[in-house]
1. Quick check: anything in the stretch 284-297 closer than 24 Å to Val58 by Cα and either free of Cβ contacts under 8 Å to residues at least 24 places away in the same chain or hydrophobic (A, V, I, L, M, F, W, C) (or both)?
2. For the stretch 95-109, state whether one or more residues are of a type in the set (A, V, I, L, M, F, W, C), at pLDDT below 95 and farther than 20 Å from Arg175 by Cα.
3. Can you name every residue in the stretch 14-66 that is small (Gly, Ala, Ser), outside any loop (DSSP other than H, G, I, E, B) and under 16 Å from the mean Cα position of the chain (by Cα)?
4. Tell me whether the stretch 165-177 contains one or more residues that are farther than 30 Å from Ser105 by Cβ, among the β-branched types (Val, Ile, Thr) and assigned by TED's automatic domain parsing to the domain that holds Ser98.
5. Could you check the stretch 198-208 and list, in sequence order, the residues that are part of a loop (DSSP other than H, G, I, E, B) and more than 12 Å from Trp45 (Cα to Cα)?
6. Taking only pairs six or more apart or across chains, which ones have beta-carbon atoms under 6 Å, a first residue in the stretch 64-76 that is within 13 Å of His92 (Cβ to Cβ), and a second residue that is outside any helix (DSSP H, G or I)?
7. Among what's in the stretch 260-274 and is among the polar types (S, T, N, Q) and part of a loop (DSSP other than H, G, I, E, B), pick the residue that is nearest to Lys307 (Cα to Cα).
Amino acid sequence: MLSQSEYQRNDQPVFVTGHQMITSLGFTIDEHIDSLRQSETGIRWVEDPELLPEPCYVSLVDQEKLTDRFAQRIDSGVSYTRLEKMALLSIHDALTASGIDLASSSTIFLFATTKGNIDLLGADQKEHFGEKRAYLWETARVIKDHFSNPNRAITVSNACVSGVLAINTAAELLRMGYYRHAVVLGADIISSFTALGFQSFKAIGTTPCRPFDSQRDGLTLGEGAGTMILTTDEHLAGTNGREPLVSVAGGGSSNDANPISGPSRTGEELNFAIKKALDEAGLTANDIDHLSAHGTATEYNDEMESKAFTLAGLQEVPTNSLKGYFGHTLGAAGIIESVGLLASMYNREIYATKGYQNLGVPKNINIVDRYRQQSLRNCLKSGSGFGGSNATVVFKAHD
């Protein structure tokens, strides 16, 4: 961390210099891109009483492949939980071309999650790892200590907007000059505790989720990990070999002040967060080329988003949701889906909304129903969650 005398807000962009994600679709960016282009999903029907109280469609990371890949890439003789293995693999792969020294005091770690090591509530796991390991802050410490980072990690846990909030928080810390680089990690796993909670809300669909579709009837749970590495050093930003350079240009957040399990009925609050992000980025709705929506496929979320996007003047912008490919990854969703959005920007393409066929929301927004190639300069990611939370982030391409 910089000394007090070194704190200064700078106007230079906060660039993305590394990114990676792990979901049911695979362990590399290329594996994900191949599936997204071909509209192939990792969602499967699962009957496992020890994991899920009732059989349902779910998106799970392959345990055998995770174990093997971790042993090949990282295994240092230290015991790590399933979630920590996903997190460490994601960071390691994102770090490969970033040029960032994770052991430096000028690098800060941020960890976005809703439940963290929730599986440690089981007696066997708790006995092996200890009770403290289930605390979110302890999980964050274990992960950053693996890289010998001297700073205290920041944990962001605010329902399903945690990932987007973590990206915005990291970008602001860098703009303020507190740090030069940031590792933004999102990770969540599915457990019987998590599944039972969503099933009690009757929020889980009877089919793989169908965002914004007229036949949608609920979300599909997913798990995974995603990492974005940010820097204010433009030279380091160019070392990942990807073009164009992309920056985190603006962000916003808001709250619906509505019942905790139901979103706003008007979309005004998400609209507020969108406009705040656009203002901070120095852009208008007309500048946005692509919108990556939260798109859970629940009745009220998708309705609310359609209203908010229309209020913000984004109804004509090509819009998709990636949850039909790897489910709703909870606190990691904002980061995993932002990594997917970065893939769109780097490869100049937009991925179809898996499961979507016919518009089923009150506003006529432009849902992408098939893969297309398109140059993208300015893109927006939105997220919404329990408690009425909303968060948005704008990514901007630089020549």
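The values are calculated or read from the model by the stated rules, or taken from the named source; none is laboratory data. For clarity, every value in this text was computed on a predicted model and none was experimentally measured. Every residue, glycine among them, receives a Cβ derived from its backbone with ideal geometry; neighbour counts consider all protein chains shown.
1. Within the stretch 284-297, one or more residues are closer than 24 Å to Val58 by Cα and either free of Cβ contacts under 8 Å to residues at least 24 places away in the same chain or hydrophobic (A, V, I, L, M, F, W, C) (or both).
2. Yes.
3. Gly18, Gly26, Ser59
4. no
5. Result: Phe201, Lys202, Ala203.
6. Arg69/Phe27
7. Within the stretch 260-274, the match that is nearest to Lys307 (Cα to Cα) is Thr266.
So that you can scan it fast, the table gives a plain yes or no per residue for (1) of a type in the set (Ser, Thr, Tyr); (2) under 30 Å from Ala297 (Cβ atoms); (3) under 14 Å from the mean Cα position of the chain (by Cα):
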residue	(1), (2), (3)
Lys132	no, no, no
Ile143	no, no, no
His146	no, no, no
Ser162	yes, yes, yes
Ile167	no, yes, yes
Gly177	no, no, no
Gly205	no, yes, no
Pro208	no, yes, no
